[in-house]
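Note sheet for the following structure.
The values are calculated or read from the model by the stated rules, or taken from the named source; none is laboratory data. Not measured: the values here are computed from a predicted model. Neighbour counts are summed over all protein chains in view; Cβ atoms, including those assigned to glycine, are modelled from backbone coordinates with ideal geometry.
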Amino acid sequence: MKKILALCALALTVGYAQAQTTAGRMMIGGGIGYTTQTNESSFGDTKSNQLNINPQFGYFVVDNLAIGLTADYYKTKYTQPIPLSPGGEADITFITTILSPFARYYVFTPNEKFAFYAEASAGIGFSTTDNNYYNSADPSDEDIKSKSFNARLSPGFCYFFNEKWALDLQLNGISYSSNDPNTDSDVEDDKISSFTVGTSSLNPSLGFRYFIGK
């Protein structure tokens, strides 16, 4: 009798956890961060500040499979000394926006609170570089615009705190990127492509997910 009751209890808890990823439910996640750094040199201090906002929304089309969209926004500003102009400074600002549709599939372990997942995504990014030093030297200069394509297959591990919240540990896995550093340039061979796989791509990141719906 005790074994039967234990099995029934295990079945109920497994169903309770996996109910978070049933068809019709929604998943909201992402993060926000701000970093600042100062590097000293004989010419003066170089300062950098970065703001990043990364919201994500997913919808479970079938049990354990969610599709959705991730929007990444990065703004980085560098302030650096001008060697030939004592006391002078140049500001360089990079702004990048990336939109990435994704698909994520969960596989639960015997422990109902833990699950592995695989996430595939592909996105297009647009960046703008504003360098006020060069623009002030030549007022005809305009902001440099670039475009990129990124594709990634990411393995991950998930811990479910309760029926609403979960913690993600994600690895970069396999990734491909292609970047056009200046879309207004007439140069045809200035594109840069890279493919990454193996230990060098294992850069873990943490994130939270909130599950809503029926």
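Numbers at a glance
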| item | result |
| --- | --- |
| Residue check for Thr46: modelled with pLDDT of 90 or more and of a type outside the set (A, V, I, L, M, F, W, C) | no |
| Test result for Gly125, surrounded by 15 or more Cβ atoms within 10 Å (Cβ to Cβ), at pLDDT 85 or above and on the phi > 0 side of the Ramachandran plot | no |
| Residue tally, condition touching a helix residue (DSSP H, G or I) at 6+ places or on another chain (Cβ under 9 Å), at pLDDT 85 or above and outside any strand (DSSP E or B), over region 75-110 | 1 |
| Conditions (1) modelled with pLDDT of 80 or more; (2) in contact with a Phe, Trp or Tyr (Cβ under 9 Å, 6 or more places away or on another chain): number failed by Asp72 | (2) |
| Selected residue (only one of Asp180, Asp130 is modelled with pLDDT under 85 and farther than 18 Å from Gly68 by Cα) | Asp130 |
